Structures are given as structure tokens and as C-alpha cells.
Amino acid sequence: MKNILIIGSTGQIGSELTRELRARYGNSHVVAGYIAGAEPKGELLESGPAAIADVTDAQHIGDVVREYKIDTIYNLAALLSVVAESRPRLAWKIGIDGLWKVLEVARENKCAVFTPSSIGSFGADTPHDNTPQDTIQRPRTIYGISKVTTELLSDYYYLKYGVDTRSVRFPGLISYLTLPGGGTTDYAVDIYYSAVRGEKFVCPIAKGTLMDMMYMPDALKAAIHIMEADGSRFIHHNGFNVASMSFDPDTIFRAIKAHKPNFEMEYQVDPLRQSIADSWPNKMDDSCARAEWDWKPDYDLERMTVDMLSHLEQKLA
Ligand code: VAH
């Protein structure tokens, strides 16, 4: 990778991935793509180039790719699972119509493309424990349907046109910098904010609901390492399972309470979030990512909890 475009640079993943890639490749080599109304601010804006990159407008993407001689595109434009259910057509327009435009620009300009998939690409019929890399995927959410299609369309562009598409299936991502935007796993971020604010947490997901989760530094590590990996080792190209931890609300609550003894939580289960969460894996098998490009996470629940609480104490002070 030399010149990189991040589409969705102001989102939960994009805001941190842009900073990480600028540190790794040089500020001027990483363009922060954004849409009107979600302009980058502060360090994200001052530390390097920024350009309008709206996936619903192929001309925008093509112009930016040619102007900055982009060789790698991180396409992070998507509506998350809960929001997508209320706006399915828009979710498809951004997630798939937008992806097709990005893939066409990549084909014409010989760019590699990373468009993340998710544990949301699995459905209720998928084996929930040690979910295999290759297994049945029949999600019933528009988010999941768009993520399975993302994997298949990205593979299609690799097989038919030789476009170097690579991606992972992200667990629920937890970070302290940018809030997530309407996902089923957002509770695992919100619970830390409640703990630091000294508030009782009202949990929308039921006790015992296991889901794959990952701390943002590990997600950034996966997104960067897969694009730097030697593709000749790959058996798979898109939708690699990457796992790091699996927990339910009670487990993360206890991990936090060990540091915040007065922290309290109650359950008010949200039927939509719960139905989505019930259809997702308990824990994925990520042996293919480990074998094909040496994936390995660095954070477990305790190390993440210590880091989240200390950063949020500073952020919310
Ligand atoms: C969501 N945080 O909940 C996102 C993610 C795996 C979950 O895709 O929609």
C-alpha cells in the first residue's frame, strides 16, 4: 500500500483507521474520504488530505482515486444493523450499489479494496459455536443480506477481473474515540460510558446472549495486516472470520464492576436488538485467518476494560 483512500473516515472504524494508517504510511499518503454533512474535524482534518468520497457517486470516487493516485481503498460506508432495519433501501443503496461503484473504480484504476463484512453475515441456521469460515449464511436482516452480498460481489470482482479484494468478518467493535452508529453490539460500548459517568446501565440485550466482540486496536490490526499480507498464501480472499473474545452482558458487567464496585446494571431487553443478536454466532472459528495471514488478537476482556475505563475517564473528565 502507498496511497490509501478511506471511505467513511469519520465513522467508528474510519476515524481510528485513518489515524493509524497515517502514522504507518505518512499523513500525506492517506486521504480521509467523507460525505457532505459529516466533514472530518480536528486532528483528522489537520493531519492529512481530505476529500468528498460519497459511494453513491462514482464520479466522486474516481476523481479522488485519480487525483491522489490511490492504490488501496478502505470502503467503510454502511448502515449498521439496527439502523438498517428502519431504512433497508438506503442500507442497500450504500452497502451494495455503493460497493459496486467502488469496485468498478478499483477495476478501472487497479486499486485493492477492503470492504468489511461482519458476524451479521451469518443467520439463525449457522452453527453458533466455533462458527466455521465456510458455512451456511442465510441472514434475515438487510444488514446481514448486504454483508453476504458484499463478500460474494467482492469475490466476484477478484475472480472475474483480478481486483485485489480482501476483507474480514468483524465482531462487535468496542472503542472509546468515536461512538458506534446504531448497531446491535453498541451496548458493549455504552456500558463503559455509563460506568464512568456513575450511572446505572440499562442493558438492551438479555443475560446469556453471547456475541463475538473485539477491541478497536485489534480491529485496526486485522484491517491493516490483511491488506499487507502476501496474497499468494490466501485460500480465501473475502470475509475472513477474525475473533478475539466472546461474552454476554453479565460477563462484561462483572469485568467492569471489578474496577467500579458501585456500578449497577438492569435489563430492559429491546426485542429488535435481541432478535438480531440471537441470530448471530456465539463465537467464530478464525483458524483460516490465523493460517493464511497470521492473524492473532492482542486484547482480552480484562485488558480492554482497563484501557477503556482509563481513556473514558480522561475523555469525560
Ligand atoms: C452492528 N456493530 O451491531 C455492528 C456490527 C457485528 C456488529 O456489525 O451492527
Practice task
Measure nothing but the geometry: give the 0 to 90° angle between the long axis through the Cα atoms of 216-228 and the longest principal axis through the Cα atoms of the chain, rounded to 10°.
Solution key: 20
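Can you tally the lysine pairs in segment 63-164 where the Cα-Cα distance is under 18 Å and the two residues are eight or more apart, or on different chains?
Value for segment 63-164: 8.
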Fill in the blank from the handout: The set of residues whose placed amide H lies less than 5 Å from the amide H of VAL113, leaving out same-chain residues fewer than 5 positions away, is ILE73, ASP164, THR165, ARG166
Practice task
With a 1.4 Å probe and every protein chain left in place, work out the accessible area per residue of segment 169-317 in Å², rounded to a whole number.
Solution key: 39
Practice task
Keeping all protein chains in position, work out how much accessible area ASP71 exposes to a 1.4 Å probe, and write it in Å² to the nearest 10.
Solution key: 40
Exercise for the section: May I ask for the angle, rounded to the nearest 10°, between helix 187-197 and the longest principal axis of the chain, with both axes built from Cα atoms and the value confined to 0 to 90°? Expected result: 60
Completion exercise
For segment 3-143, averaging the sequence separation of alpha carbon pairs under 8 Å that lie six or more residues apart and dividing by its residue count, the contact order in percent is 22
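How do MET1, MET213, MET265 stack up against each other in accessible area, from largest to smallest, with a 1.4 angstrom probe?
Ranked from most to least accessible, the order is MET1, MET265, MET213.
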Practice task
Name the shape class, rounded, prolate or oblate, that the alpha-carbon gyration tensor gives for segment 1-71, where a ≥ b ≥ c are the square roots of its eigenvalues, rounded holds for a/c under 1.5, and otherwise prolate holds if a/b is larger than b/c and oblate otherwise.
Solution key: oblate
Fill in the blank from the handout: Carbon and sulfur atoms account, in whole percent of the 1.4 Å probe accessible area of segment 1-144, for 50
Practice task
Between LYS110 and ARG24, take the C-beta separation as r, use R0 = 25 Å, and let me know the FRET efficiency to the nearest 0.05.
Solution key: 0.70
Exercise for the section: Quote the FRET efficiency, to the nearest 0.05, computed for ALA206 versus LYS41 with a Förster distance R0 of 41 Å and r equal to the Cβ-Cβ distance. Expected result: 0.65
Exercise for the section: Identify the trypsin sites (Lys or Arg not before Pro) of segment 1-79 meeting these criteria: DSSP loop state and at most 14 other C-beta atoms within 10 Å of the C-beta. Expected result: LYS2, LYS41, LYS69
Handout entry: MRE, 222 nm, helices only [DSSP H, n ≥ 4, -39500 (n - 2.57), over the chain, to nearest 500]
Key = -13000 deg cm²/dmol
Practice task
Can you send over the carbon and sulfur percentage of the accessible area for segment 205-256, probe radius 1.4 Å, protein chains only?
Solution key: 52
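With both bridge residues required to lie in the chain, what share of the DSSP beta bridges run antiparallel, to the nearest 5%?
If I count the DSSP bridges inside the chain, around 10 percent turn out antiparallel.
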Exercise for the section: Treat each spin label as a single point 7 Å out from the Cα along the C-beta direction, and report the ARG66 to TYR267 distance in nm. Expected result: 5.7
Problem - Residues of type aspartates and glutamates that LYS296 reaches as a straight line, Cα spacing below 13 Å, ignoring anything fewer than 8 places off in the same chain - result: ASP218, ASP285, ASP286
Completion exercise
In degrees rounded to 10, the 0-90 angle between helix 98-109 Cα long axis and the longest Cα principal axis of the chain is 40
Handout entry: Under 19 Å from LYS260, Cα to Cα: lysines that are on another chain or at least 8 residues apart
Key = LYS200, LYS315
Practice task
Pull up all non-local amide H partners of ASN3: gap of 5 or more, or a different chain, and H-to-H distance under 5 Å with H placed in the peptide plane.
Solution key: ASP71, THR72
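Report the charge-dipole magnitude of the chain in Debye, nearest 20, computed about the Cα centre from +1 at each Lys and Arg Cβ and -1 at each Asp and Glu Cβ.
The calculated dipole for the chain is roughly 300 debye.
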Fill in the blank from the handout: Once Lys and Arg are counted +1 and Asp and Glu -1 for all other residues with Cβ under 13 Å from that of ARG197, the total becomes -1
Exercise for the section: Roll a 1.4 Å probe over the protein chains and send me the accessible area per residue for segment 1-86 in Å². Expected result: 42
Practice task
Subtract the Cα-Cα distance of ILE235 and LEU90 from 0.36 nm times their separation in residues, and report this length gain in nm to one decimal.
Solution key: 48.9 nm
Exercise for the section: Under 17 Å Cα to Cα from LYS41, which aspartates and glutamates show up? Leave out anything in the same chain fewer than 8 places away. Expected result: GLU16, GLU20
Completion exercise
For PHE240, other-chain or 5+-apart residues with amide H closer than 5 Å (H placed, Pro excluded) are SER167, VAL168, ARG169
Exercise for the section: Keeping every protein chain in place, order ARG169, ARG138 by accessible area at 1.4 Å, biggest value first, i.e. largest first. Expected result: ARG138, ARG169
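The values are calculated or read from the model by the stated rules, or taken from the named source; none is laboratory data. The structure displayed is predicted, hence computed values, not measured ones. Using ideal geometry, Cβ is built from the backbone for each residue, glycine included, and neighbour counts are taken over all protein chains shown. These area figures cover heavy atoms from the full protein model, side chains too; ligands, DNA and RNA do not enter into them. Shrake-Rupley method; radii C 1.70, N 1.55, O 1.52, S 1.80 Å.
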